[in-house]
Amino acid sequence: MMRDYQLSIADSRKMEAFGAKLASYCKQLSLLQLHGDLGAGKTTLTRGFLRGLQVTGAVKSPTYTLVELYDTPAVNVAHFDLYRLADPEELLFIGIEEYLAERLCIVEWPEKGLGVLPVADLECIISYEDEGRHLQFKAGSQAGQAVLVQLQSDLA
């Protein structure tokens, strides 16, 4: 049973292209968590993901608004940025359970929601690697494992 998958990405253009490809695999997920330092590429990956779902408008990190909603023909998405979250309990007040029940939630800085966020279907840890980025994916559910299998077979 596959538990993780790793790859390297050379630049932001390729990160967006990979995000678009990843979107085609993730329509059955409810929670995708993105970990990484400031500037690592979490929002760039999300932008590509949303472009892969035919979102054409601006895609920015919801650092101040906490969540941005996107409705697409394939799946409805809630993009969270928890960087400025003061207390994980705030997620309960904004209705995180409803978002998770109704949308694919992409969460940047999920460690700020520790104790409130459930186990992710899929986690992506983005780290710096020379001029590019290293991505490590970990599955937390059968749906997440299915994504890893697709990534391995399509990108091998």
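No lab work stands behind these numbers, since they all come straight from the coordinates. Being a predicted model, the structure only gives us computed values, none of them experimental. Counting neighbours? That spans all protein chains shown, and the Cβs are built from the backbone with ideal geometry, glycine included.
Take residue 125 and tell me if it is over 14 Å from the mean Cα position of the chain (by Cα) and among the β-branched types (Val, Ile, Thr). No. Out of the residues in region 116-156 meeting the condition of being among the aliphatic types (A, V, I, L, M) and closer than 12 Å to residue 8 by Cα, tell me which one is surrounded by the fewest Cβ atoms within 10 Å (Cβ to Cβ). Among them, the one singled out is 155.
Candidates are the residues of region 117-156 that are of a type in the set (Asp, Glu) and in a strand (DSSP E or B); the one that is farthest from residue 42 (Cα to Cα) is 129. Checked across region 84-106, the condition of being in contact with an Asp or Glu (Cβ under 8 Å, 6 or more places away or on another chain) and not in a helix (DSSP H, G or I) holds for no residue. Is it fair to say residue 114 is in contact (Cβ under 8 Å) with a residue 40 or more places away in the chain and closer than 15 Å to residue 31 by Cα? No. Checked against the criterion of being hydrophobic (A, V, I, L, M, F, W, C), farther than 15 Å from residue 151 by Cβ and not in a helix (DSSP H, G or I), the candidates 7, 34, 29 yield just one match: 34.
Quick check on my filter: what residues within region 48-82 are of a type in the set (S, T, N, Q), touching a strand residue (DSSP E or B) at 6+ places or on another chain (Cβ under 6 Å) and free of Cβ contacts under 8 Å to residues at least 24 places away in the same chain? Passing the criteria: only 63.
Among the conditions (1) surrounded by fewer than 14 Cβ atoms within 10 Å (Cβ to Cβ); (2) within 17 Å of residue 120 (Cα to Cα); (3) aromatic (Phe, Trp, Tyr), residue 64 misses just one, which is (2).
For the subset of region 38-61 comprising residues that are polar (S, T, N, Q) and not in a helix (DSSP H, G or I), which member is surrounded by the most Cβ atoms within 10 Å (Cβ to Cβ)? Checked region 38-61; the qualifying residue surrounded by the most Cβ atoms within 10 Å (Cβ to Cβ) is 61.
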